[in-house]
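Trainee: Quick one: the structure is below, and I'll ask about it shortly.
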Amino acid sequence: MNNSVKIELAARYIREGKLVAFPTETVYGLGANALDSMAVARIFELKERPFFDPLIIHIACLEQLEKLVLHPPETVYRLAEKFWPGPLTMVLPKSPLVPEIVTAGLPTVGIRMPGNAIALELIKKSDCPIAAPSANKFGRISPTTAAHVKKQLPNVDYILDGGRTTVGIESTIIRLTEYGFQILRNGIITQENIESITPYDYRTEIEELSAPGMMKSHYSPRKKLLIADRKIADIDKTRAGLMSFSGQLEHGYLKVARLSESMDLKDYAVNMFEAMHAFEDDPEVEVIIAEPVSETGIGKAIMDRLRKAEYSWRQI
Ligand code: AMP
Ligand code: MG
């Protein structure tokens, strides 16, 4: 089957209320018709995701945004022009058309236009916006290939294979306030990037509840993962896999995944989940060690993912 036949088939599944895993530029999504509550409920079921954790709706054109959002301010259009299609999610007041289950009962909805030709074609052919969280079991490592999806969600109705994703970590999530914007989740589009359009709001406090689902533990491999920033001297390196960035920590490790040849943070983001999956699947690796990076620009998004992956293992 060629790509357009596959997309056609996947779109039919979406229209029929089934679940389709599809590539975006960030990670693979587990999609359903965003306007069909029953189909969306199956996403939560298959992922074992708690219902209080809202989903992001993926659109292919601004007309869809206008149906899903109440009175989008002008800033939305300027942000869309600069960053869409791309890995930026905007949280905006929702219209009555958006089912409660999608937004976990919140009055707002997260929306983005993915920068991936297959995803955009799928949304267009499905003729509806697509609600999609990452296509993995809740709390586990995000999928950046179709094989990762298959590993965690073997019972999904259809997997649209579009090769490896090009960004590798989830979208930046922002909300707009009267003074500008705030970041609810860091991603490859940084605060500095967005400040070129609208100011960062340092004034309004971010309430805890404004980004439900941002748990301390997330993206977690089934094997122990530790960040090499505190003392890890008691770790037996001969049983450990290293996610390496600078090349300076590699001595003595059983396995090394070099995430970048040129110390480019974008490569770290693209390759980190893939490396976690590979070590998780490797029977010789008992512990995964991740090299930290400085927390500026894209480094914020990377460290955020690593801390969440490490969180539950730190407690043991
Ligand atoms: P993902 O896990 O990549 O599907 O992203 C979903 C995350 O987006 C949720 O866990 C929330 O943190 C955030 N999100 C989605 N919709 C909203 C919303 N209406 N308000 C605030 N955060 C949201
Ligand atoms: Mg996710």
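The values are calculated or read from the model by the stated rules, or taken from the named source; none is laboratory data. From a predicted model like this one, the values you see are computed outputs, not experimental measurements. Every residue, glycine as well, gets a Cβ built from its backbone with ideal geometry; the counts of neighbours run over all protein chains shown.
Trainee: In segment 105-164, what residues are at negative phi, part of a loop (DSSP other than H, G, I, E, B) and among the charged types (D, E, K, R)?
Mentor: The answer is K137, D157, D161, R164.
Trainee: Conditions first: (1) touching a strand residue (DSSP E or B) at 6+ places or on another chain (Cβ under 8 Å); (2) more than 14 Å from A32 (Cα to Cα); (3) among the hydroxyl-bearing types (S, T, Y). S126 passes all but one, so which condition is the exception?
Mentor: (2)
Let's see how each residue does on (1) over 20 Å from G31 (Cα atoms); (2) more than 14 Å from ligand 2 (Cβ to nearest atom):
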| site | (1), (2) |
| --- | --- |
| G162 | no, yes |
| S171 | no, no |
| I189 | yes, yes |
| N193 | yes, yes |
| D229 | yes, yes |
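Trainee: Hey, among N116, N155, which residue is more than 16 Å from ligand 2 (Cβ to nearest atom), closer than 12 Å to P23 by Cβ and polar (S, T, N, Q)?
Mentor: N116
Trainee: Take V98 and tell me if it is assigned to a loop (DSSP other than H, G, I, E, B), within 12 Å of ligand 1 (Cβ to nearest atom) and at pLDDT 95 or above.
Mentor: Yes; evaluated as a whole, the condition is true for this residue.
Trainee: Do you know which of the residues in segment 22-51 that are within 13 Å of ligand 1 (Cβ to nearest atom), under 17 Å from the mean Cα position of the chain (by Cα) and hydrophobic (A, V, I, L, M, F, W, C) is nearest to P85 (Cα to Cα)?
Mentor: V27
Trainee: Do we have P54 as assigned to a loop (DSSP other than H, G, I, E, B) and over 23 Å from S196 (Cα atoms) here?
Mentor: On the way: assigned to a loop (DSSP other than H, G, I, E, B): yes; over 23 Å from S196 (Cα atoms): yes.
Judged against the criteria, P54 is a match.
Trainee: May I pose another question? Of all residues in segment 165-204, which are in a loop (DSSP other than H, G, I, E, B), of a type in the set (D, E) and either touching a Phe, Trp or Tyr at 6+ places or on another chain (Cβ under 8 Å) or in contact (Cβ under 8 Å) with a residue 60 or more places away in the chain (or both)? Give the steps one after another, and end with the answer.
Mentor: Residues of segment 165-204 that are in a loop (DSSP other than H, G, I, E, B), as a first pass: 165-171, 178-179, 186-190, 196-199, 201-204.
Adding the requirement that they be of a type in the set (D, E) leaves 170, 178, 201.
Of everything in segment 165-204, those that are in a loop (DSSP other than H, G, I, E, B), of a type in the set (D, E) and either touching a Phe, Trp or Tyr at 6+ places or on another chain (Cβ under 8 Å) or in contact (Cβ under 8 Å) with a residue 60 or more places away in the chain (or both) turn out to be E170, D201.
Trainee: Please work out which one of (1) assigned to a helix (DSSP H, G or I); (2) away from ligand 1 (no atom under 11 Å from the Cβ); (3) closer than 25 Å to G168 by Cα is the condition G86 fails and give its number.
Mentor: Only one criterion in (1) assigned to a helix (DSSP H, G or I); (2) away from ligand 1 (no atom under 11 Å from the Cβ); (3) closer than 25 Å to G168 by Cα is unmet by G86, namely (1).
Trainee: Right, here's the next one. Across segment 66-83, what is the total count of residues that are over 25 Å from E192 (Cα atoms) and in a helix (DSSP H, G or I)?
Mentor: Residues flagged as over 25 Å from E192 (Cα atoms) and in a helix (DSSP H, G or I) within segment 66-83 amount to 3.
Trainee: On to the next question. Which residue, of V40, V27, is in a loop (DSSP other than H, G, I, E, B) and either surrounded by 14 or more Cβ atoms within 10 Å (Cβ to Cβ) or basic (K, R) (or both)?
Mentor: Result of the check over V40, V27: V27.
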